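Report on one structure; see the data block that follows.
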Amino acid sequence: MADEDLPPVAAPWPELLPWQRAAASDALRARATWPHALLIAGPRGMGKRTLALNFARGLLCESPRDDGLGCGACASCGFVAAGQHPDFQLLELFETEDEETKAVTEIRIERIRGLTYWANLTSHRGRAKVAVIAPAEAMNVAAANALLKTLEEPPPGTYLILVAHQPGRVPATLRSRCRRFPAPQPEPADALQWLAGQGIASPAAILAQAGGAPLLARALADPAWQQERGVFLSALAKPRALSPVALAARVEAGPREERKERLALVLDWIGAWTADLARVAAGGTPSRNPDFGDALAALAASVAPVPLFRYHRSLLRQRALVAHPLQPRLVAEAMLIAYRDLFR
Ligand SMILES: [Zn+2]
């Protein structure tokens, strides 16, 4: 969905986002004191992966620009962009086997062992070596433990860049060995301008749906997702007619590797909907779903605030567990049944 989740093989190179330029340039100009381990932390959809990749390219570049970023023209920049730089490693929720890239649900210990082995090799091009792990919370316990030693005593000139949507879910032993870098977030006006520049027709509505995260907004603007959101929210607007089984089945409508993302999105839609419901019930206006204002107003009178609050909290808990859902459809079904029960 957001850029953090796109396969690494996807050219072209992700350009640094406008709201990242100043902070990225300040950080790279201070490269003499660059930490061995950096943790880029911040909400999903702000462009953390893009930032991490540009840090990596800048650190590896053979003739960095005045602003510290990679030149995009030297051999090193070329290899990085092609995903073929021997001194660059990118660990994501994708694995490539027999030239086929597939989505996975966690970063396994075997890949961290491979990374550790690579970290101890001499730099091929006689410069820095950089590894990006995105997202860091996708490492399972064994993988995180295997990374610990490299984080503690990194070989000279080797830099690790970790990306985390939920840094609290990265083991404290890893976190404490990283310098924290909060992901730069755009002002709403800058985000709107960027979305308009991406050809998004109604940027304000889409940005509201995405809770202010511009890359998530760009992904959500896809007509297929907009249509799916319409189906879900229209069903939520009529809880007494809602069929949890039929609606939850839509989570599994796409390819298997997309189910986790679809479930995350559906839980996000329901969460944004119930948060708006609470706002409207308290006399406010919907912040995430202004296009369903009338439906929210009609429903707000028939829901009790305390059960609504409890329900919203249980949704947030499910949202945090979504990296490892055993049965995406059943999780969605249970949440929809509990939603319908709010109106009984
Ligand atoms: Zn370069």
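How about segment 9-26: which of its residues are outside any loop (DSSP other than H, G, I, E, B), surrounded by fewer than 18 Cβ atoms within 10 Å (Cβ to Cβ) and hydrophobic (A, V, I, L, M, F, W, C)?
Ala22, Ala23
With in a helix (DSSP H, G or I), small (Gly, Ala, Ser) and modelled with pLDDT of 95 or more as the only criterion, which of Ala146, Ala131 stands out?
From the options Ala146, Ala131, the qualifying one is Ala146.
Residues are listed down the side, and each one gets a yes or a no for (1) within 16 Å of the ligand (Cβ to nearest atom); (2) modelled with pLDDT under 95; (3) over 24 Å from Met139 (Cα atoms):
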residue: Arg31; (1), (2), (3): yes, yes, yes
residue: Leu51; (1), (2), (3): no, no, no
residue: Gly72; (1), (2), (3): yes, yes, yes
residue: Leu90; (1), (2), (3): no, yes, no
residue: Val104; (1), (2), (3): no, yes, no
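Could you list, in sequence order, all residues of segment 133-145 that are under 16 Å from Gly42 (Cα atoms), surrounded by 24 or more Cβ atoms within 10 Å (Cβ to Cβ) and in contact with a Pro (Cβ under 9 Å, 6 or more places away or on another chain)?
Ala136
Does Glu110 satisfy being free of Cβ contacts under 8 Å to residues at least 60 places away in the same chain, assigned to a strand (DSSP E or B) and surrounded by fewer than 21 Cβ atoms within 10 Å (Cβ to Cβ)?
no
I'd like to check something: does segment 53-63 contain any residue that is assigned to a helix (DSSP H, G or I), aliphatic (A, V, I, L, M), within 18 Å of Pro12 (Cα to Cα) and away from the ligand (no atom under 13 Å from the Cβ)?
Taking every residue of segment 53-63 in turn, at least one turns out to be assigned to a helix (DSSP H, G or I), aliphatic (A, V, I, L, M), within 18 Å of Pro12 (Cα to Cα) and away from the ligand (no atom under 13 Å from the Cβ).
Among the listed residues Val132, Val141, identify the single one that is closer than 24 Å to Trp13 by Cα and away from the ligand (no atom under 16 Å from the Cβ).
Every option except Val132 fails the conditions.
Could you go through segment 139-155 and let me know if any residue there is in contact (Cβ under 8 Å) with a residue 40 or more places away in the chain and closer than 21 Å to Arg179 by Cα.
yes
From Pro18, Pro12, which residue is within 16 Å of the ligand (Cβ to nearest atom) and out of contact with any strand residue (DSSP E or B) (no Cβ under 6 Å at 6 or more places or on another chain)?
Matching residue, one of Pro18, Pro12: Pro12.
Restricting attention to segment 255-276, does a residue exist that is loosely packed, with under 13 Cβ neighbours inside 10 Å, modelled with pLDDT under 90 and under 23 Å from the mean Cα position of the chain (by Cα)?
yes
Looking only at residues that are under 23 Å from Arg21 (Cα atoms) and of a type in the set (Ser, Thr, Tyr) in segment 49-97, which one is surrounded by the fewest Cβ atoms within 10 Å (Cβ to Cβ)?
Restricting to residues being under 23 Å from Arg21 (Cα atoms) and of a type in the set (Ser, Thr, Tyr), the top hit is Ser63.
In this structure, does Glu100 turn out to be more than 13 Å from the ligand (Cβ to nearest atom), without any contact (Cβ under 8 Å) to a residue 12 or more places away in the chain and either surrounded by fewer than 17 Cβ atoms within 10 Å (Cβ to Cβ) or within 24 Å of Gly58 (Cα to Cα) (or both)?
So Glu100 passes the test.
Within segment 61-68, can one find any residue that is in contact with an Asp or Glu (Cβ under 6 Å, 6 or more places away or on another chain) and in contact (Cβ under 8 Å) with a residue 60 or more places away in the chain?
There is no residue in segment 61-68 that is in contact with an Asp or Glu (Cβ under 6 Å, 6 or more places away or on another chain) and in contact (Cβ under 8 Å) with a residue 60 or more places away in the chain.
Could you check segment 74-85 and list, in sequence order, the residues that are touching a strand residue (DSSP E or B) at 6+ places or on another chain (Cβ under 9 Å) and more than 8 Å from the ligand (Cβ to nearest atom)?
Phe79, Val80, Gly83, His85
Name the pairs whose Cβ atoms lie under 6 Å apart, with the first residue in segment 284-310 and closer than 29 Å to Pro188 by Cα, the second in a loop (DSSP other than H, G, I, E, B), and 6 or more positions between them or separate chains?
Gly293/Pro286; Ala295/Ala237; Leu296/Pro286
Cβ-Cβ distance below 6 Å, separation of 6 or more or different chains: which pairs start in segment 69-81 with a residue that is within 12 Å of Val130 (Cβ to Cβ) and end on one that is near the ligand (Cβ under 6 Å from one of its atoms) and part of a loop (DSSP other than H, G, I, E, B)?
Gly70/Cys61; Ser76/Cys61; Ser76/Glu62
With Ala37, Ala41 as the choices, which residue is surrounded by 18 or more Cβ atoms within 10 Å (Cβ to Cβ), within 27 Å of Arg218 (Cβ to Cβ), touching a residue at least 12 places away in the same chain (Cβ under 8 Å) and away from the ligand (no atom under 11 Å from the Cβ)?
Ala41
The values are calculated or read from the model by the stated rules, or taken from the named source; none is laboratory data. Here the structure is a predicted model, which is why all the values come from computation and not from measurement. Neighbour counts run over all protein chains shown; Cβ positions are idealised from the backbone, glycine included.
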